[in-house]
Amino acid sequence: KNVDIVISGNGGAFNWRDAVEFMAVGASNVQFCTLPMHYGFRTIRDLRSGLEHYLKEMGFTSPMEIVGKALKNIKNQEDLVKPETKSEINYDKCIGCGLCFAACNDGGHMAISWDSELRKPTVNEDKCTGCAMCMQVCPVDAIRMREKFDSKVHYFAERR
Ligand code: SF4
Ligand code: SF4
C-alpha cells in the first residue's frame with residue numbers, strides 16, 4: 001500500500017492459490033523454484049490451469065485484475081483489535097514430553113516453567129504472549145489457546 005513499485009512475490013508459494021494470495025496483496029509476478037525442482041515442470045501446467053479456472057470463476061478477464069485487490073483489507077498494526085490470548089494445558093492429556101517448555105523457553109518467551117521431577121509444564125500467563133508455538137509442538141493436543149475478546153472467551157486448538 002505504501003509503495004509504488006513492481007513487487008515480485010517469492011518464498012513459500014507452492015500452488016496457484018498461493019500465487020493468487022501473493023497477487024492480491026500486490027505482487028504482479030510470483031516466482032516458483034522449489035515446486036518445479038521437486039515435482040517437475042508439469043507443475044507449471046497445474047499453475048496455469050488453476051489460475052485460469054479461478055479467473056473464470058471469479059469473473060476476472062486478466063490476472064492483473066487480482067493484483068492489489070486485497071490491499072484495502074490490510075490494516076495498520078495500531079488499528080488491529082488485539083484479543084488477549086493465553087496458552088492452557090490439559091493435564092489429563094499431557095504426557096510430560098517437555099516439547100512445549102523447550103519451544104517456549106528457547107523461542108524466547110520463557111512463559112512455561114518445567115518441573116523435571118513431575119515432568120509437568122506450567123504456563124505463566126503474565127509472560128505468555130499467545131504465540132501458540134507450544135500448541136503447535138504438543139504431540140498429543142494437550143494445549144489449546146484461550147482467547148478473550150470483548151469479554152467473551154473462546155478456544156482454538158491445533159487441528160491435525
Ligand atoms: S503461547 Fe507462546 S508464549 Fe504462551 S506459553 Fe505457549 S509458547 Fe509460550
Ligand atoms: S508438549 Fe504437550 S504433552 Fe508435552 S509436556 Fe507440553 S503439554 Fe505435555
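The values are calculated or read from the model by the stated rules, or taken from the named source; none is laboratory data. Keep in mind that this is a model prediction, so the values were computed, not measured. Don't worry about glycine lacking a Cβ; one is built from the backbone with ideal geometry, like all the others, and counts go over all protein chains shown. These accessible areas exclude ligands, DNA and RNA; they are computed on the full protein's heavy atoms, side chains included. Shrake-Rupley method; radii C 1.70, N 1.55, O 1.52, S 1.80 Å.
Summary of values
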item	result
Residue check, K72 in contact with a Pro (Cβ under 9 Å, 6 or more places away or on another chain), of a type in the set (K, R) and away from ligand 2 (no atom under 16 Å from the Cβ)	no
Those residues of region 137-155 which are away from ligand 2 (no atom under 16 Å from the Cβ) and either in contact with a Ser or Thr (Cβ under 8 Å, 6 or more places away or on another chain) or hydrophobic (A, V, I, L, M, F, W, C) (or both), in sequence order	E147, K148, F149, V153
Any hit, region 19-26, residues being open to solvent by 90 Å² or more (accessible area, probe 1.4 Å), part of a helix (DSSP H, G or I) and modelled with pLDDT of 95 or more	yes
Count of region 99-120 residues which are farther than 14 Å from K86 by Cβ and open to solvent by less than 70 Å² (accessible area, probe 1.4 Å)	9
Residues located in region 79-95, provided they are within 8 Å of ligand 2 (Cβ to nearest atom) and surrounded by 15 or more Cβ atoms within 10 Å (Cβ to Cβ)	I89, C94
Near pairs, Cβ below 6 angstrom, 6+ apart or cross-chain, from region 106-122 (within 16 Å of A132 (Cα to Cα)) to any residue that is hydrophobic (A, V, I, L, M, F, W, C) and more than 10 Å from ligand 1 (Cβ to nearest atom)	P121/W114
Residues satisfying the stated conditions in region 55-73, i.e. of a type in the set (V, I, T) and either within 9 Å of ligand 1 (Cβ to nearest atom) or exposed (fewer than 10 other Cβ atoms within 10 Å of the Cβ) (or both)	T61
Close pairs from region 133-146: first more than 11 Å from Y91 (Cα to Cα) and among the aliphatic types (A, V, I, L, M), partner within 6 Å of ligand 2 (Cβ to nearest atom) and in a strand (DSSP E or B), Cβ under 8 Å, at least 6 apart	M135/I143
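Residues are listed down the side, and each one gets a yes or a no for (1) on the phi > 0 side of the Ramachandran plot; (2) assigned to a helix (DSSP H, G or I); (3) among the polar types (S, T, N, Q):
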{"residue": "S87", "(1), (2), (3)": "no, no, yes"}
{"residue": "C104", "(1), (2), (3)": "no, yes, no"}
{"residue": "P121", "(1), (2), (3)": "no, no, no"}
{"residue": "C134", "(1), (2), (3)": "no, yes, no"}
{"residue": "M145", "(1), (2), (3)": "no, no, no"}
